[in-house]
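Novice: Submitted below is the structure of interest, expressed as structure tokens.
The values are calculated or read from the model by the stated rules, or taken from the named source; none is laboratory data. Here the structure is a predicted model, which is why all the values come from computation and not from measurement. Every residue, glycine as well, gets a Cβ built from its backbone with ideal geometry; the counts of neighbours run over all protein chains shown. Protein only, heavy atoms only, side chains kept; ligands, DNA and RNA dropped before computing areas. Shrake-Rupley method; radii C 1.70, N 1.55, O 1.52, S 1.80 Å.
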Amino acid sequence: MKRTIVAILLSLFSAAASAVTFYVDATLGNDTRDGKSQANAWQTLARVNAATFAAGDSVFFKCGETWRNTLAIPSSGTAALPITFGSYPSNCGAINKPVISGADAVSGWTVYSGTIYSAPMVFNHLPVTVLNDLFNSNVDNWSGDYIGGTPYWQSSCPAPGGGCMGIPGHSNAIRSNLSVEYGKRYTVKFTAKSAAGSPTIPVGVRRTSNGDYHFIEDFETTSARRSFTVDTSWKTVEYSFTAVSTENSARMDIVVGGDDTLYVDDVSIIEYIPDVQQVFVDGAYIKLAQFPKPFSPDPTDTYLPLSNNSFVVGNPYPCSSEQLLTDRTGAVCFFEVNKNLIGSEDLTGAQVHIRVNEYLIEDRTIICDSVSSNACLPANPSVNRGFSINLQTSFDLYKDWGVYFDNLRWMLDVTGPYLASEWYYSRPGQQLSIRMPNATSPENRIEAAYREYGISARGRSNLIIDGITIEKAATGIDLTSSTNVIIQNCTVRNSGITGIVATNAASTTIQNCNIENAVHKGIESTAGTDIAILNNTISNVGRVGSPKSGDASLYLGTTSIATAGITGNRISNSGGFGISGGQGKSALEKGVISNNVVDDSCMNIDDCGPIYTSLYSSGPQGSLNPVNTVYSDNIVRPAPGNPHGKPAGSMVQGTNGIY
């Protein structure tokens, strides 16, 4: 036994002694060097992402430097010897940390009209096509391994043109030798129809190396696939995934479990084409072009009232499936707004933000506007405009609840008494437009954010991320499906969606960080295990721009809390709840939420509170109660609530303390 212990200790000492420190300098570095000293530092995140690190290694980024890319951490450490990502020299301080940015500077501005300027916004990374099979003459690259038979080419395919691939019942189609890269997002797209019936078709991209057939789409399981239902009409199937590993021999599976033949055409996998998510002037967030403009200095005072109760076209029930009265699959949700409040501009394609009830703001897309289509005519066209949206709402829509619209070019031209800078991006033309109310030039002042992640540690384990600033990415730090990761002394700011995501993560610690100006959530952990969140400052979450959906600054959905607890955090100016959810693992091992200070929550909604002790779930019953949780010694201050976008006599006015 003693010899075994000595051998283990010697092994650990040897591994620690052989650990290497790598340096990265955005200005003076060079990727052709070995990176093993400050004088021989690497330069780019691409070089770091392409490296393989050993347990105990460290990667240090130079203080005061900025990298405009995603750090996709390529390796995992061990429990005894984690890999550390930090900064050098050791005296960076709070304001001089190395910065990983999800935004690029935009230049080349010209006057479009008045105070509106335009500039080309061409992404400096072109998407990679992984797969593009059109089946015009063959299906040579596809195979099958199920009892029903193999895929075949059909020249007389029941398609809009050309051939297609037929997949017999009780078989599958396999496309091999695909290459995907860890941390990058891909879009899978194809068209399909069934010879008969409405089968459910499992689809997935998986690795094949060394007999390992785990799927590599956001999770690592052997059996989980995405599934889609098709019928006898051609249907486009499309979804996106983030690769959890780099693979040069991945494969795509399309499975037909029933008796009927499936026809498939135009199969593609393309690296996700980015879109502008946020725009900043002199480092400050500006809003997407919207209608109407705010009616007061309060940016949440921007709603138009619905003219009447909504309904589903061809169905007597309202928009949502809240009451589960009927199957609403595929139904079109319709609402009306007084036409005098809107004018004559077409809103088809706009995003619409709906205050569904006291505590929910839901985001949808307008698919029909009665100003340009008879498919959504209102009951009284002389008074109202009719609209239909792409998805049903969670609850029924009723008269005088509010909506506002954004993301159409003409909205930049709309004036109002409380104008602010706004922007719009034309994806087809790759043109960014911005209104500068004070007529000053935007040159050398504008950044456009489009990267999904600042740091991606998906599926990685045994890491320390220490003393880095991550800004202007959709998600600042992504810890999905990670294990034993410590985030400390970091600043995560201006996140387009969420500051830090730890979904399905285990043994996560987030401590002594500053998280600010996230559009939806500050920290999110859904289905996590053993999470500790300690002594962080979380501010201005859900308060960036116009009111948007967002559960909480600190959201702990069905997540068990580690022994260290959720402790010592300071949370302020939240659009929704300050802290939501969290639970213990057992009656003996309780989750502790203590010594937190929550100021000014529920700034966008009502029926809300600084601390929410239930976990909201969809369905008619509403919520799940957390178990084995202790709330102690927290300080909560007034949560004002928000009256805008709701009827004066609505059911709930104001908020609670601990909900």
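Novice: Go through the range 155-181 and give me each residue that's touching a residue at least 24 places away in the same chain (Cβ under 8 Å), closer than 19 Å to T236 by Cβ and open to solvent by less than 60 Å² (accessible area, probe 1.4 Å).
Specialist: C157, P158, A159, G162, G163, C164, M165, G166, I167, A173, R175
Novice: Where the second residue is modelled with pLDDT under 65 and the first is among the charged types (D, E, K, R) and lies in the range 217-234, which pairs have Cβ atoms under 6 Å and are six or more apart or on separate chains?
Specialist: Pairs found: E220/H214.
Novice: Here's something else I'd like to know. Look at the range 483-529 and say how many of its residues are part of a loop (DSSP other than H, G, I, E, B) and closer than 24 Å to A94 by Cβ.
Specialist: Adding up the residues that qualify gives 11.
Residue-wise test of (1) touching a Phe, Trp or Tyr at 6+ places or on another chain (Cβ under 7 Å); (2) modelled with pLDDT under 95; (3) in a loop (DSSP other than H, G, I, E, B); (4) open to solvent by 70 Å² or more (accessible area, probe 1.4 Å).
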| site | (1), (2), (3), (4) |
| --- | --- |
| I273 | no, yes, yes, yes |
| V276 | yes, yes, yes, no |
| F295 | no, yes, yes, yes |
| L324 | no, yes, yes, yes |
| T329 | no, yes, yes, yes |
| G343 | no, yes, yes, no |
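Novice: Another one. If G459 satisfies all but one of (1) open to solvent by 40 Å² or more (accessible area, probe 1.4 Å); (2) modelled with pLDDT under 90, what's the number of the condition it fails?
Specialist: Status for G459: all satisfied but (1).
Novice: Here's a check for you: in the range 381-416, which residue that is without any contact (Cβ under 8 Å) to a residue 60 or more places away in the chain and farther than 23 Å from S650 by Cβ is farthest from the chain's Cα centre (by Cα)?
Specialist: Out of the qualifying residues, it is S382.
Novice: Now for a different question. Only one of T129, T200 is surrounded by fewer than 17 Cβ atoms within 10 Å (Cβ to Cβ) and under 30 Å from I455 (Cα atoms); which?
Specialist: So the residue among T129, T200 that is surrounded by fewer than 17 Cβ atoms within 10 Å (Cβ to Cβ) and under 30 Å from I455 (Cα atoms) is T129.
Novice: Checking A502 against (1) open to solvent by 40 Å² or more (accessible area, probe 1.4 Å); (2) within 15 Å of the chain's Cα centre (by Cα); (3) of a type in the set (A, V, I, L, M): exactly one of these is not met. Which one?
Specialist: The single condition A502 does not satisfy is (1).
Novice: Please specify each residue of the range 40-55 satisfying the condition of being among the small types (G, A, S) and over 11 Å from F22 (Cα atoms).
Specialist: Listed by number, the residues that qualify are A46, A50, A54, A55.
Novice: Okay, moving on. Being among the hydrophobic types (A, V, I, L, M, F, W, C) and either closer than 14 Å to N494 by Cα or at pLDDT below 95 (or both) is the filter here, so list the residues in the range 533-553 that pass it.
Specialist: As a first pass, look at the range 533-553 and keep what is among the hydrophobic types (A, V, I, L, M, F, W, C): 533-534, 538, 541, 544, 552.
Hits for the range 533-553 are I538, V541, V544, A552.
Novice: Could you please find all residues in the range 533-569 being open to solvent by less than 10 Å² (accessible area, probe 1.4 Å) and either touching a Cys at 6+ places or on another chain (Cβ under 8 Å) or acidic (D, E) (or both)?
Specialist: N536
Novice: Would you pick out the residues in the range 63-84 that are among the small types (G, A, S) and part of a strand (DSSP E or B)?
Specialist: Of everything in the range 63-84, just one residue is among the small types (G, A, S) and part of a strand (DSSP E or B), namely A72.
Novice: Could you count how many residues in the range 137-188 are more than 30 Å from V48 (Cβ to Cβ) and either in contact with a helix residue (DSSP H, G or I) (Cβ under 7 Å, 6 or more places away or on another chain) or not small (G, A, S) (or both)?
Specialist: Residues that pass the stated criteria total 24.
Novice: While we're on this one: Take residues that are over 30 Å from F60 (Cα atoms) and tell me which of the strands (runs of 3 or more DSSP E) falling wholly in the range 372-469 contain 3 or more.
Specialist: 384-389, 402-406, 422-426, 431-435
Novice: Which strands (runs of 3 or more DSSP E) does the range 542-604 wholly contain that include 1 or more residues that are in contact with an Asp or Glu (Cβ under 6 Å, 6 or more places away or on another chain) and without any contact (Cβ under 8 Å) to a residue 60 or more places away in the chain? Spell out the reasoning first.
Specialist: Values: elements: 552-567, 570-572, 577-583, 591-594, 597-599.
By residue number, 552-567, 570-572, 577-583, 591-594.
Novice: OK, next. For the range 104-131, which residues satisfy the criterion of being under 26 Å from the mean Cα position of the chain (by Cα) and among the polar types (S, T, N, Q)?
Specialist: Matches in the range 104-131: N124, T129.
Novice: Which of (1) open to solvent by 20 Å² or more (accessible area, probe 1.4 Å); (2) over 30 Å from the mean Cα position of the chain (by Cα); (3) at pLDDT 90 or above is the odd one out, the single condition Y88 does not satisfy?
Specialist: With respect to (1) open to solvent by 20 Å² or more (accessible area, probe 1.4 Å); (2) over 30 Å from the mean Cα position of the chain (by Cα); (3) at pLDDT 90 or above, Y88 is out only on (1).
Novice: Out of the residues in the range 624-636 that are surrounded by 14 or more Cβ atoms within 10 Å (Cβ to Cβ) and over 29 Å from Y398 (Cα atoms), state the one that is modelled with the lowest pLDDT.
Specialist: Top of the filtered list is P626.
Novice: Just to verify a result, which residue in the range 570-623, among those that are among the charged types (D, E, K, R) and open to solvent by 60 Å² or more (accessible area, probe 1.4 Å), is modelled with the highest pLDDT?
Specialist: Of everything passing the filter in the range 570-623, R570 is modelled with the highest pLDDT.
Novice: Within the range 33-62, track down each residue that is under 17 Å from P98 (Cβ atoms), part of a loop (DSSP other than H, G, I, E, B) and touching an Asp or Glu at 6+ places or on another chain (Cβ under 8 Å).
Specialist: Q38, A41, Q43, T44, listed by residue number.
Novice: For the range 351-408, which positions are open to solvent by 10 Å² or more (accessible area, probe 1.4 Å) and of a type in the set (S, T, Y)?
Specialist: Across the range 351-408, the qualifying residues are Y359, T365, S370, S372, S373, S382, S394, Y398.
Novice: Please go through the range 185-197 and give me each residue that is more than 25 Å from Y146 (Cα to Cα) and crowded, with 21+ Cβ neighbours inside 10 Å, ordered by number.
Specialist: Listed by number, the list holds a single entry, Y186.
Novice: I've got another one for you. Are any of the residues in the range 506-515 under 25 Å from G641 (Cβ atoms) and at pLDDT 95 or above?
Specialist: yes
Novice: Let me ask you something else. What tally of residues in the range 227-239 results from selecting those that are open to solvent by 30 Å² or more (accessible area, probe 1.4 Å) and within 20 Å of the chain's Cα centre (by Cα)?
Specialist: Residues in the range 227-239 being open to solvent by 30 Å² or more (accessible area, probe 1.4 Å) and within 20 Å of the chain's Cα centre (by Cα): 1 in total.
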